[in-house]
1. Which residues, taken from the range 53-75, are in contact with a helix residue (DSSP H, G or I) (Cβ under 6 Å, 6 or more places away or on another chain) and either part of a helix (DSSP H, G or I) or of a type in the set (A, V, I, L, M) (or both)?
2. What number of residues within the range 61-99 are of a type in the set (Ser, Thr, Tyr) and within 13 Å of residue 41 (Cα to Cα)?
3. From the list 78, 107, 169, pick out the single residue that is surrounded by 15 or more Cβ atoms within 10 Å (Cβ to Cβ), among the aliphatic types (A, V, I, L, M), over 26 Å from residue 62 (Cβ atoms) and at pLDDT 95 or above.
4. Regarding residue 163, is this residue among the aliphatic types (A, V, I, L, M), over 29 Å from residue 56 (Cβ atoms) and not in a strand (DSSP E or B)?
5. Looking only at the range 81-104, count how many residues are within 17 Å of residue 58 (Cβ to Cβ), crowded, with 17+ Cβ neighbours inside 10 Å and of a type in the set (D, E, K, R).
6. Consider only pairs whose beta carbons are under 8 Å apart and that are at least six residues apart or on different chains; among these, list those whose first residue lies in the range 124-149 and is of a type in the set (Lys, Arg) and whose second residue is in a helix (DSSP H, G or I).
7. Name the residues in the range 111-144 that are within 12 Å of the chain's Cα centre (by Cα) and part of a helix (DSSP H, G or I), would you?
8. Being part of a helix (DSSP H, G or I) and of a type in the set (Lys, Arg) is the filter; apply it to the range 9-32 and report the residue that is modelled with the highest pLDDT.
Amino acid sequence: MKQEENQLFNPDWAKHGYIQVYTGDGKGKTTASLGLCMRALGRNWKVLLVMFTKGGDNYGELISFKKLSPEINDNLTVVQAGLNRIVYSNNVCSSDETEIQKGWKVVKEAIKNNEYNLIIMDEANIAIDLGLIDLDDVIETLKNKPDEMEIVLTGRNAKPEIVEIAHLVSKIVPVKHYWDTGVVAREGIEY
């Protein structure tokens, strides 16, 4: 028991980077990752945010990021890897795959070159689930990440293989949602 207690308070944990997954059908996965992004930027971390399946400039977070102080903004790189629409299994096209593959290439290079303290792969689980990013490639890349790098994957339908290698998995479950009453996505709340 003593040895286990000592491991729980190991100061090297602060230096180790983990793999986090925010998944499930509830609202708040991207929002949680963006909160983590802001926290990391506040601590002078270098952050890469790749927004898979999301193009266009009508996202409140993108507007906010442009207004950050230069000192903070210098540590943030945002890459949009999607078209200006929502991607579903019934509307996926080759242009989606092209954009998503560009984003995946950015992530792989950033991991290989150890360029960031935190990499957020927003909606990566959706891209993987739709077969737009190869699951085995993701697993292999994540397993070989630098020890101190933190990586977050968001999106519904996280593959069991991703969940298996992750250190933290949060499943966001809807209990009640105003969308069920016909409310549509609202500026400032959903985007």
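1. 61, 72
2. Narrowing the range 61-99 to residues of a type in the set (Ser, Thr, Tyr): 64, 69, 77, 88-89, 94-95, 98.
If we keep only those that are within 13 Å of residue 41 (Cα to Cα) as well, we get 69, 77.
The qualifying residues number 2.
3. On the way: 78 fails: over 26 Å from residue 62 (Cβ atoms); 107 fails: over 26 Å from residue 62 (Cβ atoms).
Sole residue among the options that is surrounded by 15 or more Cβ atoms within 10 Å (Cβ to Cβ), among the aliphatic types (A, V, I, L, M), over 26 Å from residue 62 (Cβ atoms) and at pLDDT 95 or above: 169.
4. Values: among the aliphatic types (A, V, I, L, M): yes; over 29 Å from residue 56 (Cβ atoms): yes; not in a strand (DSSP E or B): yes.
For residue 163, the condition - among the aliphatic types (A, V, I, L, M), over 29 Å from residue 56 (Cβ atoms) and not in a strand (DSSP E or B) - is met.
5. Step one: of the range 81-104, the residues within 17 Å of residue 58 (Cβ to Cβ) are 81-87, 99.
Still in the list and also crowded, with 17+ Cβ neighbours inside 10 Å: 81-83, 87, 99.
Pick out the ones that are also of a type in the set (D, E, K, R) and you get 99.
Within the range 81-104, residues that are within 17 Å of residue 58 (Cβ to Cβ), crowded, with 17+ Cβ neighbours inside 10 Å and of a type in the set (D, E, K, R) number 1.
6. That search, which allows pairs on different chains as well, returns 143/165; 145/111.
7. In the first step, residues of the range 111-144 are kept if they are within 12 Å of the chain's Cα centre (by Cα); the result is 118-127.
Within the range 111-144, 124, 125, 126, 127 qualify.
8. Taking the range 9-32 and keeping what is part of a helix (DSSP H, G or I), we get 11-15, 29-32.
Filter once more, keeping what is of a type in the set (Lys, Arg): 15, 29.
Numbers: 15: 75, 29: 97.
Checking each candidate, the answer is 29.
The values are calculated or read from the model by the stated rules, or taken from the named source; none is laboratory data. Just so you know, these numbers come straight off a predicted model, no measurement behind them. Quick reminder, even Gly has a Cβ in these numbers, built from the backbone with ideal geometry, and neighbours come from all protein chains shown.
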